[in-house]
Amino acid sequence: METAKKLESAPKPTKKQERAALYQTVWRWHFYAGIIFAPFLVILALSGAVYLFKPQIESVLYKDVYFVQEEGTSMSSPSAQMAKVKEEAPDQIVTSMKVYDDPSRTTEFSVMNNGEMSSVYVDPYTGDVAGSIKKDEKFTEIFKKLHSELIVGGTVANRLVELAACWAVILLITGLYVWWPRNKASIWGTVLPRFRQKGRTFWRDMHAVPAFWLSLSILILILTGLPWSGVMGEQINRLATSTNTGYPPYATSFGEKPQSVVRAKDVAEDVPWASENMAVPSSTTGGYVPLSLEDARYIAKNENIEKPYTISMPQGVKGVYTIATSHSKPGDNATLHVDQYSGSILSDVRFSEYGIMAKAITLGIALHEGRLFGLANQIIGLIICIGLIGMVVSSLILWRKRKPEGKSGAPTKSKDKKMTRAVFIIMLVMGVIMPLVGISIIIVFLLDRFVFPHIKPIKAWLN
């Protein structure tokens, strides 16, 4: 009874105290998320910055196999070029041929040999093999794998990358709240760093001010990368399919044809995101002689497929030729499935036919990869990546400067249970939108509630 009376008589927190409690709680979430995911964000930014310049880097590193001396207008036929590739290693299987718009570029054949994928480059003028490179050993592919699956590969690594990207969104939101001026603050320390200051003030500004200016750009960069992710990417794809804002159903309605359960991304290269999950139609079988690569190239030219494009070979007697391009100009994206015997176009999907969601994602992917508007796109992406690395480094320096010996240096936990609970619920709502975040929040909550309090070194470090 006395306890109830004390609770009733307890003074209600003022608005100032509530704001302070909210600030303290949000800052604490921001702090721990930053400490845990900072290393992953540096890896993503560094690997992404390198991969942005893939065309320039590969053109220098592999110029001996990428480029040849133009020798008139007479060129070796695609079939003759492929025969040369098979001559080099009779056991290897040619899976695709990529044709470039640069007349000095070699023709690139993808081959499978003993379970390993390689690119074999053929001089289109002489028909000679210029060289080959294992795909996994390409310099930029190493950084791509680091960016998407931390080199080690597998589902766990991929999900960890996605988790770090999703938590980066929360870091941006909580960081903006912590940064937001709560009085008539000076421009210095708010939108411009105080360069003359020293110690923690300087490093605080070097973290908060660039984060403010780059926050929208970083958010766009993260969101445009999520369509590739395992969990969010699948949700995005399902949403596009269920709302008919992905690829148009009528694009596959070129007459009756047997359908397969095979998806385009499983049998073809260079397929745009919007067409990756299309069901691949089957070729009709009736004693016909399969089309040649020359025929497939003629169809590509006749259907106005812009170079560079890739012709993926039919797989099996019911397989189809797939002519696809994830063009640097998204408007030129195309995916054609062609009957390998009759040459009939079984499906044809172009950018102009995409739904609104597929168009937005396609443009976003091109932006993310630095392809949307050329060198300027690459430079802007590089600035964002460098800025993100600088923000992480400055935050770690700031943490080390304020961190007591043997302690985490985390912001003090708010005593306002109501405010703490409200922020936790908001975080769970974000976790519903980003499932991996939700799972991680629940795991951390259970550890913090039932495990960490019973492990003295961890409890002492956290407190």
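Out of all the residues in segment 370-392, which are in contact with a Ser or Thr (Cβ under 9 Å, 6 or more places away or on another chain), at pLDDT below 95 and open to solvent by 50 Å² or more (accessible area, probe 1.4 Å)?
Arg371, Leu372
Give the residues of segment 301-318 that are surrounded by 20 or more Cβ atoms within 10 Å (Cβ to Cβ) and either of a type in the set (Phe, Trp, Tyr) or in contact (Cβ under 8 Å) with a residue 40 or more places away in the chain (or both), sorted by residue number.
Of everything in segment 301-318, those that are surrounded by 20 or more Cβ atoms within 10 Å (Cβ to Cβ) and either of a type in the set (Phe, Trp, Tyr) or in contact (Cβ under 8 Å) with a residue 40 or more places away in the chain (or both) turn out to be Tyr309, Thr310, Ile311, Ser312, Met313.
Would you be able to tell me the number of residues in segment 391-412 that are in a helix (DSSP H, G or I), in contact (Cβ under 8 Å) with a residue 24 or more places away in the chain and of a type in the set (D, E, K, R)?
2
Can you pull out the residues in segment 176-209 that are assigned to a helix (DSSP H, G or I) and open to solvent by less than 40 Å² (accessible area, probe 1.4 Å)? Before you say what the answer is, go through the steps one by one.
First, the residues of segment 176-209 that are assigned to a helix (DSSP H, G or I): 176-179, 199-209.
Within segment 176-209, Val178, Trp179, Gly199, Asp205, Ala208, Val209 qualify.
Going through segment 111-127 one residue at a time, which ones are over 18 Å from Lys63 (Cα atoms) and out of contact with any Lys or Arg (no Cβ under 7 Å at 6 or more places or on another chain)?
Start the filter on segment 111-127 by keeping residues that are over 18 Å from Lys63 (Cα atoms), which leaves 111-117.
Residues satisfying the conditions are Val111, Met112, Asn113, Asn114, Gly115.
Considering only segment 306-319, how many residues are β-branched (Val, Ile, Thr) and modelled with pLDDT under 95?
Here is the first cut: in segment 306-319, the residues β-branched (Val, Ile, Thr) are 310-311, 317.
Pick out the ones that are also modelled with pLDDT under 95 and you get 317.
So the count comes out to 1.
Quick one: would you say Ile458 is open to solvent by 80 Å² or more (accessible area, probe 1.4 Å), assigned to a helix (DSSP H, G or I) and not aromatic (Phe, Trp, Tyr)?
On the way: open to solvent by 80 Å² or more (accessible area, probe 1.4 Å): no; assigned to a helix (DSSP H, G or I): yes; not aromatic (Phe, Trp, Tyr): yes.
Criteria not met by Ile458.
Of everything in segment 260-289, what is under 25 Å from Leu367 (Cα atoms), among the aliphatic types (A, V, I, L, M) and assigned to a loop (DSSP other than H, G, I, E, B)? Give them in sequence order.
Ala268, Val271, Met278
Considering each residue of segment 363-376, count those that are touching a residue at least 60 places away in the same chain (Cβ under 8 Å) and within 20 Å of Glu141 (Cα to Cα), and give that number. If you could, list the steps in order and put the result at the bottom.
Taking segment 363-376 first, the residues touching a residue at least 60 places away in the same chain (Cβ under 8 Å) are 364-365, 367-370.
Imposing the further condition that a residue be within 20 Å of Glu141 (Cα to Cα) reduces the set to 365, 367-370.
Within segment 363-376, residues that are touching a residue at least 60 places away in the same chain (Cβ under 8 Å) and within 20 Å of Glu141 (Cα to Cα) number 5.
For segment 397-415, which positions are open to solvent by 70 Å² or more (accessible area, probe 1.4 Å), farther than 14 Å from Trp203 by Cα and of a type outside the set (Ser, Thr, Tyr)? Before the answer, list the steps.
Filtering segment 397-415 for residues open to solvent by 70 Å² or more (accessible area, probe 1.4 Å) gives 400-401, 405, 407, 412-413, 415.
Next, only the ones that are farther than 14 Å from Trp203 by Cα stay: 405, 407, 412-413, 415.
Hits for segment 397-415 are Glu405, Lys407, Lys413, Lys415.
Need pairs with beta-carbon distance below 6 Å; first residue buried (at least 20 other Cβ atoms within 10 Å of the Cβ) and within segment 16-33, second assigned to a helix (DSSP H, G or I) and of a type in the set (Phe, Trp, Tyr); sequence gap 6+ or separate chains.
Hits for this filter: Val26/Tyr177; Ala33/Trp167.
Here are some residues: Leu172, Leu150. Which one is modelled with pLDDT under 90, in contact with a helix residue (DSSP H, G or I) (Cβ under 6 Å, 6 or more places away or on another chain) and under 26 Å from Arg400 (Cβ atoms)?
Values: Leu172 fails: modelled with pLDDT under 90.
The unique qualifying residue is Leu150.
Taking the condition of being more than 22 Å from Ile397 (Cβ to Cβ) and in contact with a Cys (Cβ under 6 Å, 6 or more places away or on another chain), how many residues in segment 27-60 meet it? Show your work before the answer.
Restricting attention to segment 27-60, the residues satisfying the condition of being more than 22 Å from Ile397 (Cβ to Cβ) are 47-48, 50-60.
Pick out the ones that are also in contact with a Cys (Cβ under 6 Å, 6 or more places away or on another chain) and you get 48.
Here the count works out to 1.
Hey, any hits in segment 232-255 for a residue that's at pLDDT 90 or above and touching a Leu at 6+ places or on another chain (Cβ under 6 Å)?
Checked against the condition, which is being at pLDDT 90 or above and touching a Leu at 6+ places or on another chain (Cβ under 6 Å), segment 232-255 yields at least one hit.
Within segment 139-175, restricting attention to residues that are hydrophobic (A, V, I, L, M, F, W, C), in a helix (DSSP H, G or I) and open to solvent by 70 Å² or more (accessible area, probe 1.4 Å), which residue is nearest to Ile222 (Cα to Cα)? It would help to see each step written out before you state the result.
Here is the first cut: in segment 139-175, the ones hydrophobic (A, V, I, L, M, F, W, C) are 139, 142-143, 146, 150-152, 156-157, 160-161, 163-173.
Keeping just the survivors that are in a helix (DSSP H, G or I) gives 139, 142-143, 146, 156-157, 160-161, 163-173.
Subsequent filtering for residues that are open to solvent by 70 Å² or more (accessible area, probe 1.4 Å) retains 139, 142, 156, 173.
Working: Phe139: 23, Ile142: 20, Val156: 19, Ile173: 13 Å.
By that ranking, first place goes to Ile173.
How about segment 121-137: which of its residues are in contact (Cβ under 8 Å) with a residue 40 or more places away in the chain and acidic (Asp, Glu)?
Filtering segment 121-137 down to residues in contact (Cβ under 8 Å) with a residue 40 or more places away in the chain leaves 121-133.
Once the filter is applied, which keeps residues that are in contact (Cβ under 8 Å) with a residue 40 or more places away in the chain and acidic (Asp, Glu), segment 121-137 yields Asp123, Asp128.
Does segment 363-378 contain at least one residue that is of a type in the set (Val, Ile, Thr), closer than 30 Å to Ala21 by Cα and touching a Phe, Trp or Tyr at 6+ places or on another chain (Cβ under 7 Å)? Please lay out each step first, then the result.
Here is the first cut: in segment 363-378, the residues of a type in the set (Val, Ile, Thr) are 365.
From the residues that got through so far, the ones that are closer than 30 Å to Ala21 by Cα too are none.
Looking through segment 363-378, none of the residues is of a type in the set (Val, Ile, Thr), closer than 30 Å to Ala21 by Cα and touching a Phe, Trp or Tyr at 6+ places or on another chain (Cβ under 7 Å).
The values are calculated or read from the model by the stated rules, or taken from the named source; none is laboratory data. Computed from a predicted structure; not experimentally measured. As a convention, Cβ positions derive from the backbone with ideal geometry for all residues, glycine included, and neighbour counts pool all protein chains shown. Ligands, DNA and RNA are excluded from the accessible area calculation, which covers all protein heavy atoms including side chains. Shrake-Rupley method; radii C 1.70, N 1.55, O 1.52, S 1.80 Å.
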